[in-house]
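Notes follow once the structure below has been shown.
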Amino acid sequence: MHLVELEQALRTGVDCETWVQRIASYFESHTLYFGHGTDNAADEAYWLVRAVQGWSEGAWGSPPDPSAIPRVLELARTRVELRKPMAYLLGEAWFAGLRFTVDDRVLVPRSPLAELIESCFEPWCRIAPGDRLLDVGTGSGCLALAAAYHCPSLRVDATDVSSAALEIAKSNAAALELEDRVTLILADLYPPRGAVYEIIVSNPPYVPTSRLAELPREYTHEPALGLDGGPVGLDVIARLLAEAPAYLAPGGSLIIEVGEAQDAFTAAYPELPVTWLEFERGGEGVFLVSRDDLTGHLTS
Ligand SMILES: C[S@@+](CC[C@H](N)C(=O)[O-])C[C@H]1O[C@@H](n2cnc3c(N)ncnc32)[C@H](O)[C@@H]1O
């Protein structure tokens with residue numbers, strides 16, 4: 001479908017659902033990859049229309065406003081021509097029910113960990129008042145801020161080695177009014193020693209370097225620092241594991257997303273007694289290991 005055909009289709013569209021269907025058809029008629037906040041053309045078209053309307057319920061329930069057509073066309077055209085993730089074009093991403101501002105300084109939030117955070121880490125962790133959580137490699141701040149939002153008794157620290165990413169995380173903390181509950185720290189993995197944490201969570205870079213060039217074009221818009229996990233994808237993960245015992249409180253848990261590096265991880269740590277978590281909303285490659293099991297393994 002050409003852009004002029006989409007324009008025509010929008011002008012004759014009588015309701016917003018029709019707009020969504022027609023934009024989805026336009027997306028489907030081009031080569032696009034959906035994996036940055038949605039996994040299909042229809043959801044992405046819905047996101048576009050709602051965002052252009054400022055997420056107004058009134059606008060969504062009314063006949064579409066023709067004055068929005070130029071903006072819709074521009075976004076649809078740019079999505080197709082540049083293969084830029086919709087999140088960057090709109091400057092927003094939704095994670096664990098919360099809106100995050102994003103740009104190409106941070107990865108687009110999409111971790112399956114959202115589901116675990118929304119359930120406040122149940123049934124794997126029982127959070128007590130005053131417990132602390134550390135998010136290593138926070139990017140937009142999505143894991144740390146969602147944890148603080150959904151688990152109000154948690155005290156949360158979050159690190160990133162990218163000061164540019166931390167600027168975005170800071171603005172998200174302010175927008176969500178969580179600045180007092182979440183401390184953002186510029187650090188290479190762990191923060192300067194002092195605190196220990198009941199939960200350490202991380203979605204580190206885990207794509208093998210040689211695979212980066214094979215990823216769909218959408219990924220080239222994301223910061224390589226957030227994706228590149230070294231030769232087999234385990235560079236950051238190995239360091240996270242080795243240093244974790246010093247930062248975990250007794251009885252604490254380390255939860256890491258290793259994504260597509262799961263096989264490489266299992267090959268590298270065949271004896272480590274990890275639990276691979278399952279998610280109702282999909283996603284895999286996330287494990288949990290207790291401090292005791294980790295310490296026992298690393299010292300044996
Ligand atoms: C896969 S992204 C995840 C971002 C965010 N937690 C999320 O789930 O969307 C990995 C993040 O780790 C950060 N990072 C990479 N190496 C790091 C290091 N050595 N220490 C701290 N953060 C690091 C990157 O800057 C990036 O923001």
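Just so it is clear, none of the values below were taken in a lab; they were calculated from the coordinates. Everything numeric here is computed off the predicted structure, so don't read it as measured data. Note: ideal-geometry Cβ built from the backbone for every residue, glycine included; neighbour counts use all protein chains shown.
Averaging the Cα positions of each part gives two centres, and for segment 100-149 and segment 1-53 these lie 30 Å apart.
Between the residues GLN262, VAL201, GLY285, the greatest Cα displacement towards the positive end of the dipole of segment 101-299, with unit charges on the Cβ of Lys, Arg, Asp and Glu, is found for VAL201.
Here is how the number arises for the chain: DSSP H runs of 4 or more residues each give -39500 (n - 2.57), the sum is divided by the residue count, and the result at 222 nm is -10500 deg cm²/dmol. Taking 0.36 nm per residue of sequence separation and removing the Cα-Cα distance, the ALA42/THR78 pair yields an extension gain of 11.3 nm.
Along the Cα-to-Cβ line of ALA238, 7 Å from the Cα, sits a label point; which residues in segment 177-206 have backbone N less than 20 Å from it? 188-190, 202-206, by backbone N distance to the label point. Scanning the chain for long hydrophobic helices, with DSSP H runs required to stretch 15 angstrom or more by C-alpha along their axis and to average at least -0.5 on the Kyte-Doolittle scale, returns 16-28, 41-52, 69-82, 163-175. Each label point was placed 7 Å from the Cα along the Cα-to-Cβ direction; for ASP104 and SER67 their separation is 3.1 nm. Computed from the Cβ-Cβ distance with R0 of 30 Å, the FRET efficiency linking ALA213 to GLN8 stands at 0.20.
Among SER210, SER29, SER162, SER67, sorting on how many other beta-carbon atoms sit within 10 Å of each Cβ, with the fewest leading, yields SER67, SER210, SER29, SER162.
Quick check on segment 47-190: of the DSSP beta bridges with both residues there, what percent are antiparallel, nearest 5%? The antiparallel fraction comes to roughly 30 percent.
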